[in-house]
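Okay, so here's the structure we're looking at.
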Amino acid sequence: MGNLELWRTDRGPFSLLRNWDSITKELDSFFNEFDKSVGESRSGAKDTMLAPAVDVQEDEKGFLLSFDLPGFKKEDVNVEVIGNRLTVNGKRTREATAKDSKFHRIERNHGEFRRVFTLPENANGDSIEASYENGVLYLSIPKAEIERPKKVEITEGKGSLNKKLVGVKGEEESRKTVNS
């Protein structure tokens, strides 16, 4: 039999490193085009997708999430918990303007946003409290009591446990035999 040769291909994990420059250029191009096309409406105005900034703090009692939502009304924001997923979403519409006016610059964001967080195991998702003040949404998530492991006592030898389990069965079997 002849020698086996290792079949080589450029699809190994290091082939990405050899082509890294071209990959990053393609990704940059994709995201630049994506950014240009997102939210373009028929009138030419943009509905910018928002990603509000959020701070996440933790202490021994729980977690505090603070969302910057300037210009939002409390009614425009929704907070939901499904399983271990926390979803915060909302919508801010553009202010009405006169028909004959035109914008020279639009820098304030408007449109819809959605942020989804996976709650840690020790978070009590059923007891979340929310408050909204001065354009900041605060979510207080208390920590849940984590079930502590229970120590199981180990006895020496299998005799006592075996007698306990088999002894009950053995008595039932002997009663069936006697009654037959």
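The values are calculated or read from the model by the stated rules, or taken from the named source; none is laboratory data. Just so you know, these numbers come straight off a predicted model, no measurement behind them. Every residue, glycine as well, gets a Cβ built from its backbone with ideal geometry; the counts of neighbours run over all protein chains shown.
Below are the figures for this structure:
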{"read-out": "Tally of residues being among the aliphatic types (A, V, I, L, M) and under 21 Å from Ala51 (Cβ atoms) across the stretch 83-114", "value": "3"}
{"read-out": "Qualifying residue in the stretch 68-88 (condition: closer than 30 Å to Arg148 by Cα and among the basic types (Lys, Arg))", "value": "yes"}
{"read-out": "When residues of the stretch 144-175 are limited to those that are under 24 Å from the mean Cα position of the chain (by Cα) and loosely packed, with under 10 Cβ neighbours inside 10 Å, the one modelled with the highest pLDDT", "value": "Glu145"}
{"read-out": "Val54 touching a helix residue (DSSP H, G or I) at 6+ places or on another chain (Cβ under 8 Å) and either at pLDDT 90 or above or not aromatic (Phe, Trp, Tyr) (or both)", "value": "no"}
{"read-out": "Residues (farther than 16 Å from Leu69 by Cα, of a type in the set (Gly, Ala, Ser) and at pLDDT 80 or above) located in the stretch 83-116", "value": "Gly83, Ser101"}
{"read-out": "When residues of the stretch 129-143 are limited to those that are aliphatic (A, V, I, L, M) and under 18 Å from the mean Cα position of the chain (by Cα), the one surrounded by the fewest Cβ atoms within 10 Å (Cβ to Cβ)", "value": "Leu139"}
{"read-out": "Residues located in the stretch 131-160, provided they are hydrophobic (A, V, I, L, M, F, W, C) and touching a Lys or Arg at 6+ places or on another chain (Cβ under 9 Å)", "value": "Leu137"}
